[in-house]
Amino acid sequence: MSRPFLLAQVSDPHIGADWAEGDPVARLAAAVEAVRALPQQPDAVLLSGDLADNATDAEYEQVRELFARIGAPLYVLPGNHDDRRALHRHFGVPGADGEPVQYAVDLGPLRLVVLDTTRPGEDPGALDAERLSWLDTELAKSPEAPTLLAMHHPPLTTGNPLWDELGLPAADRQALAAVVARHAQVRRVVAGHIHRQITAELAGRPVVTVPSTYVQARLDFVAQEIELSDDPAGFAIHAVVDGGVISHIQPVR
């Protein structure tokens, strides 16, 4: 078997945050070093939202400088704490006029499709008809290419009503499922936002969320407010093997 293609996924570093213990810059740096310490280096890196906590230029520059240490192409998408225009300035993503940051890139054995789930100025996400139409059209362009669909807000229910209020509305998840169901090449749906590793299913495809590099959410199905835990940070390695996608979650201690 030939060497697998590797896509590293890092999420929710929240550079500039001070609402949890620890330094988010130091914790992101530790995650970057953990990626660099892997026996096989990733071919590309996905950063799935909430890069910065306050969306300042200085915060984004810190993110860009840290990921430059990995030496692999970096693909970013916005989270609810991010600013679309700032992502364009610092990372060259589409959406210079504040439009949704959505794009597709051919990574060789894997096609990465990025979908913007953010509602600027709000924590919950949304997928309107225009964004879903874009996705449907984009997926139809390469029906044979194994595809990973990436977004910030995961299209799943967690079992905790408080967390689910901060996610995607049920109608939007159902509409996304209808789009994904039409495109058999979608192998995996990946996201962040929840600050936990969670696995679920959408239209028969695995959904994976990855931990934050900053701080994790405590598992509690009846909590009245979001609680933090001392669970380790982590990142994902999505490996393409024989046309399939295998996702590994690697802790950072």
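The values are calculated or read from the model by the stated rules, or taken from the named source; none is laboratory data. All of these numbers come straight from a predicted model, not from anything done at the bench. Cβ atoms come from the backbone with ideal geometry, glycine included; neighbour counts cover every protein chain shown. Keep in mind that these areas ignore ligands, DNA and RNA; they rest on the heavy atoms of the full protein, side chains included. Shrake-Rupley method; radii C 1.70, N 1.55, O 1.52, S 1.80 Å.
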Legend entry - Dimensionless Rg/Rh of the chain - Kirkwood Rh, Rg from C-alpha atoms: 0.93
Legend entry - Exposure of Ser2 as accessible area (Å², to 10), given a probe of 1.4 Å and all protein chains: 90 Å²
Inset, instruction - At 7 Å along the Cα-to-beta-carbon direction for both Thr137 and Ser229, put a label point, then send me their distance in nm to one decimal. - result: 4.2 nm
Inset, instruction - Determine the per residue accessible area of region 1-121 with all protein chains present and a 1.4 angstrom probe, expressed in square angstrom. - result: 41 Å²
Legend entry - Residue-span extension gain [Thr199 to Asp220] - 0.36 nm each, minus C-alpha spacing: 5.9 nm
Inset, instruction - Tally up the carbon and sulfur contribution to the accessible surface of region 13-79 as a whole percent, 1.4 Å probe, everything protein left in place. - result: 48 percent
Legend entry - Length-normalised contact order for the chain - Cα pairs under 8 Å, 6+ apart - percent: 20 percent
Inset, instruction - Calculate the spin-label point distance for Glu33 paired with Gln185, positioning each point 7 Å from the Cα along the beta-carbon direction, and give it in nanometres. - result: 4.1 nm
Legend entry - Rg followed by Dmax, in Å, when region 46-170 is reduced to its Cα trace: 14.8, 41
Legend entry - Net charge, Ala72 excluded, C-beta distance under 13 Å - Lys, Arg +1, Asp, Glu -1: +1
Inset, instruction - Please get the size of the charge dipole for region 135-195, origin at its Cα centre, with Cβ charges of +1 on Lys and Arg and -1 on Asp and Glu, quoted in debye to the nearest 20. - result: 200 debye
Legend entry - Accessible area, probe 1.4 Å, largest first, for residues Phe235, Phe5: Phe5, Phe235
Legend entry - Carbon + sulfur, % of accessible area of region 155-253 - ligands and nucleic acids excluded, 1.4 Å: 51 percent
Inset, instruction - Let me know the charge dipole size of the chain about its Cα centre in debye, to the nearest 20, where only the beta-carbon of Lys, Arg (+1) and Asp, Glu (-1) is charged. - result: 1060 debye
Inset, instruction - With a cut-off of at most 12 other beta carbons within 10 Å, and DSSP calling the residue loop, which trypsin sites (Lys or Arg not before Pro) in region 61-160 qualify? Please list them. - result: Arg69, Lys141
Legend entry - Rg to Rh quotient for region 159-199, alpha carbon positions, Kirkwood Rh: 1.00
Legend entry - Accessible area, probe 1.4 Å, largest first, for residues His248, His81, His90, His14: His248, His81, His90, His14
Legend entry - Sequence-distant residues sharing a close amide H with Leu228 (under 5 Å, placed H): Arg218
Inset, instruction - Let me have the 222 nm mean residue ellipticity of the chain computed from DSSP H runs of 4+ only, each contributing -39500 (n - 2.57), with the sum over all residues rounded to the nearest 500. - result: -7000 deg cm²/dmol
Legend entry - Positive minus negative residues near His152 (Lys, Arg vs Asp, Glu; Cβ under 10 Å): -4
Inset, instruction - Extending each Cα 7 Å along its Cβ direction at Asp18 and Gln174, get the distance between those two points in nm, one decimal. - result: 4.5 nm
Legend entry - Evaluated over region 118-158, the Cα radius of gyration and Dmax, each in Å: 12.4, 37
Inset, instruction - Provide His193, His153 ordered by accessible surface of protein heavy atoms (probe 1.4 Å), highest first. - result: His193, His153
Inset, instruction - With a probe of 1.4 Å, find how much accessible area region 126-253 has per residue, and write the answer as a whole number in Å². - result: 44 Å²
Legend entry - Extension gain, Arg69 back to Arg119 (0.36 nm per residue minus Cα-Cα distance, nm): 14.9 nm
